[in-house]
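Structure, as structure tokens:
The values are calculated or read from the model by the stated rules, or taken from the named source; none is laboratory data. Please read these numbers as outputs of a predicted model, since none were measured by experiment. Cβ placement follows ideal geometry from the backbone for every residue including glycine, while neighbour counts extend to all protein chains displayed.
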Amino acid sequence: MSFIDYNFRTKAQPVGNNKPSGDTSLAPARVIDIIMDDEHPDYDTYGGPNSIGMVYYRFISQEDIDTSEEGESEYTGQAFPLTTSHRLLPLKNEIILLTEGPDPLVDEGSGTGRVYYTTSYSIWNHPHHNAIPVRTEDKPEEVNIGTGIELDSKISPLQPFPGDVLMEGRLGQSIRFAGGLSTKSTFTDESNVNKPLIIISNGQKETEDGFLHIVEDINQDPSSIYMTSDNIIPLTLANEKRDSYETSPDLPSSYKGSQLLLNSDRLTLNARESDILLSSKTSIGLNSNTVNIDGKDYLCVDADKIYLGSKARINKGANKQPVVLGHRMEAFLGDMLDQLISISKALGKAKTVKGDPIPTINLRGASAQLVLKQLKNQLNPSGGSTLKSKKTFVE
């Protein structure tokens, strides 16, 4: 049983680390199996974490191997990934290129070495898989790509444009570095040739034939990020209501320039420790069926003018209604009530020119005085009251 130190290097020579007989330098071989995790029965045998990505291979030139269903697991040797920074792990029955290199004990004078493999051959020129079926007389030509991934005939390769750098996953994920002119490209024309464009797409639109090359579609691909420099991206917005604007900004489908577009069924921005800051030179437009903003401590909206409703912005003259200030309005009402209370007191004591009481006026004055004092008690020009909101404040 091998020992792994903190550099993840085997101190004891693991089983099967020796090179197989025969020249493995630049030799093509078929993948028989691959160790993907610690559940593989040979995970510990070949170095634990060091074994991840190791494949069992069989030379495709060998003719003495049983290719029946029972012999499909027979292999020649083991090979390890040549690189770790960027890896396309092969599938069962894909063809890989083998080469020789040092083993983990090279600094201790090991002259054994071991076998490494590089990226699978692009037999079918397709990102989904490039596996070759095992041909037998009693079995139809069908390919077994192993467990954990299923064959999908509707995944298509991307149509390349001149000068492209493409990274394509097996399940329709892709990154395109573009900018070249092509009749197949809807992003580049004579006006913006050589202007850089990056497209990150997770998933593809529905296709009829997975062998036909396709171009990304921001409206039909499940999730996309487009980074442009001078391109028009025909994004269809989920909601185009812009009634709050005096002059609405250009739609993405008509804007040409440097922009970042994110499109998916749902977007989530989450800052776990600090802030989310949205800053724009011109405007920030939010539109949906409902716009909901929740603040735990407070919600502050500040501008030279704040309009609630589109008509508040459009209306002219007396129809443009401003809000009132609660404290000042109560102070105004308090002064008015004081005058009315004084009048009520006078009415309660009113007499004729002969000095006789006027019962009707006296009664009305006394009752009005009581009501007006009760109304004034509801006012608090310097603090909270039942007439003013406890949550909403204005300047």
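Below is a table of values for the structure above.
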| item | result |
| --- | --- |
| Qualifying residue in region 7-24 (condition: surrounded by 20 or more Cβ atoms within 10 Å (Cβ to Cβ), under 20 Å from Thr118 (Cβ atoms) and at pLDDT below 60) | yes |
| Residue pairs meeting the criteria (Cβ under 8 Å; at least 6 apart or on separate chains; first farther than 23 Å from Val371 by Cβ, in region 348-360; second surrounded by fewer than 10 Cβ atoms within 10 Å (Cβ to Cβ) and acidic (Asp, Glu)) | none |
| Region 216-275, residues that are among the aromatic types (Phe, Trp, Tyr) and surrounded by 16 or more Cβ atoms within 10 Å (Cβ to Cβ) | Tyr226, Tyr255 |
| Residue within region 354-367 that is of a type outside the set (Asp, Glu), surrounded by 12 or more Cβ atoms within 10 Å (Cβ to Cβ) and part of a loop (DSSP other than H, G, I, E, B) present | yes |
| Among (1) assigned by TED's automatic domain parsing to the domain that holds Asn239; (2) closer than 30 Å to Glu240 by Cα - the single one Asp297 does not satisfy | (2) |
| Selection status of Gln159, crowded, with 16+ Cβ neighbours inside 10 Å, in the same structural domain as Thr268 (by TED's automatic domain parsing) and at pLDDT 95 or above | yes |
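Results for (1) modelled with pLDDT under 95; (2) outside any loop (DSSP other than H, G, I, E, B); (3) hydroxyl-bearing (Ser, Thr, Tyr), shown as yes or no for each residue.
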position	(1), (2), (3)
Ile199	no, yes, no
Glu206	yes, no, no
Asp217	no, no, no
Asp221	no, no, no
Tyr226	no, yes, yes
Ser229	no, no, yes
Glu240	yes, no, no
Arg266	no, no, no
